[in-house]
Amino acid sequence: MNRVTFSVNGVERTLDVEPGERLLDVLRVRLGLTGTKEGCGVGMCGACTVLVDGRAENACLVPAASLDGARVVTIEGLSEGGLDPLQQAFLDHHAIQCGFCTPGLVMSARALLDENPAPTEEEIRTAIQGNLCRCTGYEQVIAAIASVAGVEARALADEGDATIRRSPALQAGAPFARKPPTATPELQLQLRGR
Ligand code: FES
Ligand code: FES
């Protein structure tokens, strides 16, 4: 048993954890934060994505014992003061069907925009490449993330941040190319539910 102290959505927690206990179980079972989903349990689907010290991590792969001093943010933490702009954008762009993948996708996108407020389409695709969605597909998801990226980039630009990089597509106001996401043959079969 290890005693660890870390914050979850801004609240400090001190817990005794087993050596093999996963952050995912701490969140869902011990803290009742069931917004973080378990899909594969082995780091392949991204349904369990949370932020750990600002980075997107698969909670199914993070040992709770490694978290002493860490800051964890879950999907519940994003919406404490109302929906995060990304959550609203997913609604506005109909980027949800069953919703099982959605918390993980939103958290991956949040990590991206926190680090890079004006990502290119390629950077958005790269940021969510570890998040599998079996029913909505990715085009609406990418459009939703891009719409927030544009807003957040403009807000930062208005504040005079000269380091802002704007996506060429966003600068031109051009619609995003509707090409399918890059996927291996195995992943394409998974996406079709086979
Ligand atoms: S449940 Fe963690 S990556 Fe699938
Ligand atoms: S909305 Fe169903 S898996 Fe993505």
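With just the Cα atoms defining each centre, how far is the stretch 31-78 from the stretch 83-120? Give it in Å.
When both Cα centres are located, 16 Å separates them.
Would you mind putting 104-111, 22-29, 128-135 in packing order, based on average other-beta-carbon counts within 10 Å, highest first? Present the calculation step by step, with values, prior to reporting the outcome.
Details: 104-111: 26.6, 22-29: 21.1, 128-135: 19.0.
Ranked by mean Cβ neighbours within 10 Å, highest first: 104-111, 22-29, 128-135.
Tally Lys and Arg at +1 and Asp and Glu at -1 over the other residues with C-beta under 15 Å from the C-beta of R3: what net charge comes out?
On the way: positive: R13, R30; negative: E12, D16, E18, E21, D68.
Here the count lands on -3.
State the three equivalent ellipsoid semi-axes of the stretch 2-78, derived from the C-alpha gyration tensor as the square roots of 5 times its eigenvalues, in descending order and whole Å.
Working: eigenvalues 58, 39, 24 Å².
Over the Cα atoms of the stretch 2-78, the ellipsoid semi-axes are 17, 14, 11 Å.
FYI, it's all coordinate maths here, none of it is from the lab. Since we're looking at a predicted model, the values are computed, not measured. Cβ sites come from the backbone with ideal geometry, for glycine too, and all protein chains shown count toward neighbours.
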